[in-house]
Amino acid sequence: MSESHGQRSIFTADGTTRDGSLFTTHAGLIPRDIGHRYTNVKRPRIESGNFNSSEVFPSSGIVQPAVYHSPITSTIAASLPTQSESTFSRRGPYQRVADGYSSTPKHRHEGVRVAAEPRSLALQLAASHPSPPTTPSPPPEEDKEKEDFHKDSAAIQPRLSKAAMNNYLNDVVQRDGQQTVIIFHAKVAQKSYGNEKRFFCPPPCVYLVGEGWQYRKALVPQVQEEEVMHQPVAFIGIGSKNEQEMQQLIIEDKGYGAAKTLYISDSDKRKHFELSLKLLYPNGDHVGTFNSKRIKVISKPSKKKQSLKNADLCIQSGSTVALFNRLRSQTVSTRYLHVENGTFHASSQQWGAFTIHLLNDDESESEEFSVREGYVHYGSTVKLVCSVTKMALPRLVIRKVDKQTALLDADDPVSQLHKVAFYMKETERMYLCLSQERIIQFQSTPCPKEQNKEMINDGASWTIISTDKSEYSFYEGNGPVRSPITPVPIVSNLQLNGGGDVAMLELTGEHFTANLKVWFGDVEAETMYRCGESLLCVVPDISAIRGGWRFVRQPTEVAVSLVRSDGVIYPTGLTFTYTPEPVERPSSSISETVLRADL
């Protein structure tokens, strides 16, 4: 039976109470709206769907989230050209208008994508088992020899055909048939001193996503059953040849692996580093080497009152964080806040990346709420939304923890690896707490001598740390290649130059190579390699995109992809949109002349 938004259903030993009634035991009090799904975030307002109240909480106090079903997007105001609104396609970033083009930025809320999803974007981007023993990675000399061999074999690969690209766009993308590598990690790492080993927490995690991995495995020649390896072989390290050897990372059948024994010693003088992940297929072919985002090295968490001058150690609204708990500071007891099967739980194996949103203090728990920009301070009202499932906890007030007490008057910025507590708004001193793998509410006790403190237990004290991720997608359009698919090019920006028949599109990003071509849908564009951060191409005429058209009859959106000379396709997540022109134009080859002159 559905209930109105203002009511909460709370399961107690005596039954269900409503209208926000609270069961006054110290643990196990769970409001019905303890978790809900936000699938559509908007600025300055966030909208959600209606509560689903068909479930009832068990007396154990396990969080069984309610669900919001409406989608989440993030809309940012942008300055548009002065042309009429009707001349623009809302879906694509670049529109062809008369003799020129215009751009309509679209920002998509950052989130974890289990399935590949193309982005439509202009100048912005789309909004654990124990680790195995250390295994030496293949010697660098072997890698160099194999890479040289792969380069030679790549030279005889046929170029990608129009039919193969059509199959990719209309079939592979639709069924998530690509191969995607995602590396999740913390933004900071604490240095180890002397003989100690402070393992990275949370541990870096690797996910292999997409049906393409299973398809590629099926192509590997079968051997005796006991020798079959079902997942790629992985090695991970901290990107320094002089320090730790790369460790073998076991990839489970579900495509997940966690590196729990990585650390950085005080003999390593780097202030920043990147994780390096090396993947090989079971038959020995190299998938490639993938790097994480940059990680900052810190000596220890700051105990002083943090200042915004150290902005890289502060936590910004809209960023992602991980939360973990260690009872009596024991590493073996570490548990991470995680969402699985629609339930919040404290996992000892996997950790979740949660987007932390700042809310107005007077914001009510409703289907729509405002999001504030800025850095998170103690005493702020926040919302935690799982970046994978979009499940969300109710409004929380983040408070500083000092020796098993929550400080009610602290207002300094929240910093990396600080211990924090989350008070659940409009409750009687209830805090987000864990009990083994269950997430419950714990009722604090006022300090008799200090009114600005409340006593909490160890389970209500969480360590907070910012997280980041790197994501790489690819598809072997002409079938398996023996050469590594890395480096995977990343496009961060598009810039249109000129218009009409001399329209040139500049792509900026990283990891570009001279053997890449830009494709508009299933049409290959003339491409010029400038450097590792810049490519230039001619915008194909609409007649190449739509046979028989001599002018744009209706808005036409095409995906922008990069294709290597051996047929490996790298999706950029960007689209290009042609919009109707007022008059028909004669065809011209001026753009070709411009490109050759530039070359």
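The values are calculated or read from the model by the stated rules, or taken from the named source; none is laboratory data. Everything numeric here is computed off the predicted structure, so don't read it as measured data. Cβ placement follows ideal geometry from the backbone for every residue including glycine, while neighbour counts extend to all protein chains displayed. Ligands, DNA and RNA are stripped out before the accessible areas are found, and what is left, the full protein with its side chains, is counted by its heavy atoms. Shrake-Rupley method; radii C 1.70, N 1.55, O 1.52, S 1.80 Å.
Taking 1 over the mean of 1/r across every pair of different Cα atoms in region 393-497, what Kirkwood radius in Å do you get?
17.6 Å
Let me know the shape class of region 406-454, please: from the alpha-carbon gyration tensor, a ≥ b ≥ c as square roots of the eigenvalues, rounded when a/c is under 1.5, otherwise prolate if a/b is greater than b/c, or oblate.
Oblate.
Jot down the radius of gyration and Dmax of region 489-578, Cα atoms only, both in angstrom.
Final numbers for Rg and Dmax: 12.7, 37 Å.
What accessible area, in Å² to the nearest ten, does a 1.4 Å probe give for His511?
We get 80 Å² for His511.
Report the label-to-label distance for Lys403 and Arg550 in nanometres (one decimal), using points 7 Å from each Cα along the Cα→Cβ vector.
8.6 nm
Let me cross-check Tyr193: its accessible surface, 1.4 Å probe, with only protein heavy atoms counted, in Å² to the nearest 10?
Accessible surface of Tyr193 is approximately 100 Å².
With every protein chain left in place, what is the accessible area of Arg546 in Å² (1.4 Å probe, nearest 10)?
Per-residue accessible area (Arg546): approximately 100 Å².
For region 377-466, with every protein chain kept in place, what is the accessible area per residue (1.4 Å probe, Å²)?
Here the residues of region 377-466 average 35 Å² of exposed surface.
Could you tell me the extents of region 311-468's C-alpha atoms along the three principal axes, largest first, rounded to whole Å?
The Cα atoms of region 311-468 stretch 42, 38, 32 Å along their principal axes.
Could you give the length gained on full extension between Cys447 and Ser364, defined as 0.36 nm per residue of separation minus the Cα-Cα distance, in nm?
Result for the pair: 27.1 nm of gain on full extension.
Work out how much length Lys305 to Asn341 would gain on full extension: take 0.36 nm times their residue separation and subtract the Cα-Cα distance, in nm to one decimal.
Value of the extension gain: 9.1 nm.
For Tyr215, Tyr475, write out the residues from largest to smallest accessible area, computed with a 1.4 angstrom probe and no ligands counted.
Heavy-atom accessible area, descending, gives Tyr215, Tyr475.
Mind ranking Phe576, Phe442 by accessible surface for me, highest first, 1.4 Å probe?
Phe442, Phe576
At 1.4 Å probe size, with the rest of the protein present, what percent of the exposed accessible area of region 311-468 is carbon and sulfur atoms?
Roughly 44 percent of what the probe reaches on region 311-468 is carbon or sulfur.
So, in nm, how far is label Glu196 from label Gln214 when the simple model puts each one 7 Å beyond its Cα toward the Cβ?
That separation, rounded to one decimal, is 4.6 nm.
Just subtract the alpha-carbon distance of Ser161 and Thr513 from 0.36 nm times their residue separation and send over the number in nm, one decimal.
124.7 nm
A 24 angstrom limit on the alpha carbon distance is what I want to check against. Which of Lys260/Lys383; Lys300/Lys390; Lys271/Lys403; Lys296/Lys403; Lys300/Lys403 exceed it?
Lys260/Lys383; Lys300/Lys390; Lys271/Lys403; Lys296/Lys403
Averaged per residue, what accessible area in Å² does region 489-578 show with a 1.4 Å probe, protein chains only?
33 Å²
For region 489-578, what % of the accessible area comes from carbon and sulfur atoms, probe 1.4 Å?
The nonpolar share, carbon plus sulfur, comes to 46 percent.
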